[in-house]
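Since the structure comes first, as structure tokens, the remarks are kept for the end.
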Amino acid sequence: MCATQIDPQLLAIYQHSDYRVSVAGQNDFLLKPGFPSPELLGVYQRYAVSSACFISAYNPRSEPRSQDENAAAQQALIQAVETMGYAFLHGMGEDSEGGCAGEPCLLILGISRDQSLNLGTRFEQNALLWMEADAIVQLLLLR
């Protein structure tokens with residue numbers, strides 16, 4: 001693993017969290033770092049894409065912000081994704097141990113890795129999930 005500025009305890013939370021994706025009319029499904037997602041492959045087929053990013057704009061650099069600040073940042077992320085022309089699904093990143101509050105996220109479909117990293121940097125996130133055509137969930141660190 002490469003050097004990172006992210007606290008090891010926070011990194012462990014990222015690695016073991018549940019990343020839940022909501023699909024209208026279907027059961028939610030989880031993305032788990034290091035594991036493939038058969039459900040994501042189905043989403044890829046439905047949307048004719050072969051990549052995705054799971055990201056939030058909440059709590060930049062994992063520094064707690066007010067609900068209003070977080071909601072405004074998440075809305076700005078949604079607007080940025082819409083402007084870029086990507087389809088997306090809503091989701092939630094949740095600490096499986098319950099130590100941190102869940103954060104609303106977006107599963108952005110068809111986005112490139114570079115564009116994903118740019119969005120993560122723009123919204124000052126520590127990390128994001130990246131999935132290529134094989135739908136294996138990768139945790140990408142941005143700091």
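Every number in this text was worked out from the coordinates using simple rules, so none of it is lab data. Predicted model only: the values in this text are computed from it and were never measured. Positions of Cβ are generated from backbone atoms using ideal geometry, with glycine treated the same way; all protein chains shown enter the neighbour counts.
When the charge dipole of the chain is built from unit charges on Cβ atoms (+1 for Lys and Arg, -1 for Asp and Glu) and taken about the Cα centre, the candidate among MET131, LEU77, SER62 whose Cα reaches farthest toward its positive end is MET131. Please return the longest stretch of the chain lacking exposed loop sites, where GluC sites (Glu not before Pro) count only if DSSP places them in a loop and at most 13 other Cβ atoms lie within 10 Å. It runs 1-96.
Using the rule -39500 (n - 2.57) for each DSSP H run of four or more residues, divided by the residues of the chain, the 222 nm mean residue ellipticity is -10000 deg cm²/dmol. Only Cα pairs under 8 Å and 6+ residues apart enter the sum, and on that basis the relative contact order of the chain stands at 33 percent. Classify the chain as rounded, prolate or oblate, taking a ≥ b ≥ c as the square roots of the eigenvalues of its Cα gyration tensor: rounded when a/c is under 1.5, otherwise prolate if a/b is larger than b/c and oblate if not. Rounded, because the longest to shortest axis ratio a/c is under 1.5. From a point 7 Å beyond the Cα of GLN45 in the direction of its Cβ, which residues of the stretch 123-138 have a backbone N at a distance under 15 Å? Residues 134-135 qualify, since their backbone N sits under 15 Å from the label point.
To the nearest Å, what is the center-to-center distance of the stretch 75-122 and the stretch 9-31, using C-alpha atoms only? Using only Cα atoms, the two centres lie 12 Å from each other.
Its Cα centre serving as origin, the stretch 8-141 has a Cβ charge dipole (Lys and Arg +1, Asp and Glu -1) of approximately 260 debye. In a fully extended conformation the segment linking ASP134 and SER112 would gain 6.5 nm over its present Cα-Cα distance, using 0.36 nm per residue.
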